[in-house]
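Have a look at this one.
The values are calculated or read from the model by the stated rules, or taken from the named source; none is laboratory data. Since the structure is predicted, the reported quantities are computational estimates derived from the model, not experimental observations. Don't worry about glycine lacking a Cβ; one is built from the backbone with ideal geometry, like all the others, and counts go over all protein chains shown. Please note that ligands, DNA and RNA were not included when accessible areas were found on the heavy atoms of the full protein model with its side chains. Shrake-Rupley method; radii C 1.70, N 1.55, O 1.52, S 1.80 Å.
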Amino acid sequence: IAKEVAKLLEMKAQLGGDEGKHKFVLKTPKGTRDYSPKQMAIRERVFNAIITCFKRHGAEVIDTPVFELKETLTGKYGEDSKLIYDLKDQGGELLSLRYDLTVPFARYLAMNKITNIKRYHIAKVYRRDNPAMTRGRYREFYQCDFDIAGQFDPMIPDAECLKIVHEILSDLQLGDFLIKVNDRRILDGMFAVCGVPDSKFRTICSSVDKLDKMPWEEVRSEMVGEKGLSPEAADHIGEYVQLHGGLDLIERLLQDPKLSQHKLAKEGLGDMKLLFEYLTLFGIAGKISFDLSLARGLDYYTGVIFEAVLLQQENDHVEESVSVGSVAGGGRYDGLVGMFDPKGRKVPCVGVSIGIERIFSILEQRVEASEEKIRTTETQVLVASAQKKLLEERLKLISELWDAGIKAEVLYKKNPKLLNQLQYCEDTGIPLVAIVGEQELKDGVVKLRVVATREEVNVRRESLVEEIRMRTSRP
């Protein structure tokens, strides 16, 4: 026995013990996730609503690479640049994963010398964030962008972008929302009259941008403590950034003794007034708030900026109501294309990005709570048989249906029981069953069964496709 044990131990040693073996962890990388068929069905519904809206407004679609030259992305995002994913050098080019779809769009316009386009782009972007995934924040996520590039009369394209946000959020029925708007020129004017030095505009701007997440006291101490702003300037900013309203506030600020003296701020307020007139014509001014605390941290904005926020959800099923914050944002960036153009030619642009992940996490929670059944396939009919030895007939029939463009399935079994076939339809939500049997074959008909009502009708084989289409076409 000892001999045998020694032999076995020797064999085990040759094969290598478990000690050195690395235990393989099955997980997705941090800040990413898989989507099940049920989740994808909800996502597709959302994407379809968004794409339908973009197309309704006459947008074309483009696509750009997932990675760009590193230098394309550097210096475009302000303090957020540290979140860019750099790739290892692969063959002589320093590359980074795209951080958003706006900078690649600007590069595309400059490279192709395009001065006029209305486009949408739906694709994944990457941010090396420490994400709160529960709140719909990830390192890999989709953005749905709509942009209008070109020289037009002021505020007409800007108003259309806000109308698009309004249409999409209304269509998705996410509950009550508010679209906050401001203008970079008004912000810069405000900073100037409050005594912020030019060199600190951008960094103070990103502090102000945190007002939706932090109380004014904390933002103030960040400005003064970390960013070296004088307490007087900070208090002065505080008086402005707590203001929000509509046309009345714009009129009041146009009379403001300090702001009205600042050329850029005055221009911005004039445009804001025009914007509100157009929004009133579009019938959506009631959902828009001119908000002086809105800053949007990105460096490239030059004019109007906006952000859509969902208001507190009242929900019976959940103890705490979910406040998901911002679900869309955007603005005007007239200088970005010029940064790429060798001759510095500018192409004015305005655009909006829909925060699909956050919208999706709300809808997902809602479906969970309501226990609504979500269909994950679009199959219209299952081809079934009531007796044995009819596999060939089932395959013949399903082939006819597929060739006619009908979405059909068949069970992969020679002689399935009718009950199992009907159960499969119940489980997956297939509305119709086309049953072939010996008698039906003789009579040249197919028995069509409606799963929900169990009603059965005999349909002539040549009219089957038409009958299925009629019964499954959406009302």
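Semi-axes of the equivalent ellipsoid for segment 141-212, please: Cα gyration tensor eigenvalues, times 5, square-rooted, ordered largest first, whole Å.
Working through the eigenvalues yields semi-axes of 29, 18, 12 Å.
Also: Tell me, rounded to the nearest percent, the portion of alpha carbon pairs in the chain spaced more than 27 Å apart.
Tail fraction, whole percent: 66.
Here's a follow-up. 222 nm [θ] for the chain, helices only, -39500 (n - 2.57) per DSSP H run of 4+, per residue, to 500?
My calculation for the chain gives -12000 deg cm²/dmol from helical runs alone.
How large is the charge dipole for segment 404-468, taken about the Cα centre, if only the Cβ atoms of Lys, Arg (+1) and Asp, Glu (-1) carry charge, to the nearest 20 debye? Kindly include the intermediate steps, with their values, before the conclusion.
Working: 10 positive and 11 negative charges, 51 e Å.
The dipole of segment 404-468 has a size of about 240 debye.
Using the Kirkwood formula on the Cα atoms of segment 256-296, what hydrodynamic radius do you get, in angstrom to one decimal? Don't skip to the end; give the middle numbers.
Numbers: mean 1/r = 0.0872 Å⁻¹.
Here the Kirkwood hydrodynamic radius works out to 11.5 Å.
Could you please tell me the mean projected area of the C-alpha convex hull for segment 18-89, averaged over all directions and given in square nanometres to one decimal?
Details: hull surface 39.2 nm².
In nm², the orientation-averaged hull projection of segment 18-89 is 9.8.
Among all the lysines, which ones have a C-alpha under 16 Å from K3's C-alpha, if same-chain residues fewer than 8 places away are not counted?
Output for K3: K12.
Would you rank H121, H166, H22 by solvent-accessible area, highest first, keeping every protein chain in place and using a 1.4 Å probe?
I get H22, H166, H121, largest accessible area first.
Against the 2.2 N^0.38 Å scaling, with N counting residues, where does segment 348-448 land? I'd like the Cα-based Rg ratio to two decimal places.
After normalising by residue count via 2.2 N^0.38 Å, the value is 1.57.
Moving on to the next point. Pull out the extension gain between V457 and D129, defined as 0.36 nm times the separation in residues minus the alpha carbon to alpha carbon distance; nm, one decimal.
112.2 nm
Residues with amide H under 5 Å of A328's amide H, sequence separation 5 or more or different chain, H placed in the peptide plane at 1.01 Å from N; which?
For A328, whose amide H was placed from the backbone, the distant partners under 5 Å are A308, G355.
Give the aspartates and glutamates reachable from K263 as a straight Cα distance under 19 Å; neighbours fewer than 8 places away on the same chain don't count.
The reachable aspartates and glutamates, counting only those whose Cα sits under 19 Å from K263, are D183, D188, D198, E251, D271, D334.
Another question, if that's okay. Residue by residue through segment 106-121, which ³J(HN,Hα) values in whole Hz follow from phi under the Karplus form 6.51 cos²θ - 1.76 cosθ + 1.60 (θ = phi - 60°), with glycine and proline marked x?
The phi angles translate into 5, 5, 4, 5, 5, 5, 9, 6, 8, 10, 7, 7, 10, 9, 10, 8 Hz.
Compute the distance from the alpha-carbon center of segment 410-468 to that of segment 252-303, in whole Å.
Their Cα centres are 62 Å away from one another.
In Å, what Rg and Dmax follow from the Cα atoms of segment 51-198?
Looking at segment 51-198, its Cα Rg and Dmax stand at 17.8, 51 Å.
Of the listed pairs K273/K346; K163/K287; K227/K258; K55/K346, which have alpha-carbon separations greater than 22 Å here? If you can, show how the numbers build up before the last one.
Working: K273/K346 25 Å; K163/K287 10 Å; K227/K258 24 Å; K55/K346 26 Å.
Beyond 22 Å between Cα atoms: K273/K346; K227/K258; K55/K346.
Would you kindly derive the ³J(HN,Hα) couplings of segment 169-179 from the backbone phi angles with the Karplus curve 6.51 cos²θ - 1.76 cosθ + 1.60 (θ = phi - 60°), listing them in order in whole Hz, with x for Gly and Pro?
Once rounded to whole Hz, the list reads 5, 5, 4, 7, 6, 8, x, 6, 9, 9, 10.
Loop-only check: which GluC sites (Glu not before Pro) in segment 372-456 are DSSP coil with at most 16 other Cβ within 10 angstrom?
E372, E378, E455
Can you flag which of K76/K118; K373/K447; K38/K442; K23/K70; K38/K124 are past 31 Å Cα-Cα?
K38/K442; K23/K70
Take the eigenvalues of the Cα gyration tensor for segment 113-263, scale each by 5, and report the square roots as semi-axes in whole Å, largest first.
Numbers: eigenvalues 182, 107, 58 Å².
Semi-axes, largest first: 30, 23, 17 Å.
Once you have the alpha carbon radius of gyration of segment 188-242, what is it after dividing by 2.2 N^0.38 Å, with N set to its residue count?
Expressed relative to 2.2 N^0.38 Å, the Cα Rg reads 0.96.
Would you kindly work out the equivalent ellipsoid of segment 113-179 from its C-alpha gyration tensor and give its semi-axes, the square roots of five times the eigenvalues, largest first in whole Å?
Each semi-axis is the square root of five times an eigenvalue, giving 27, 19, 10 Å.
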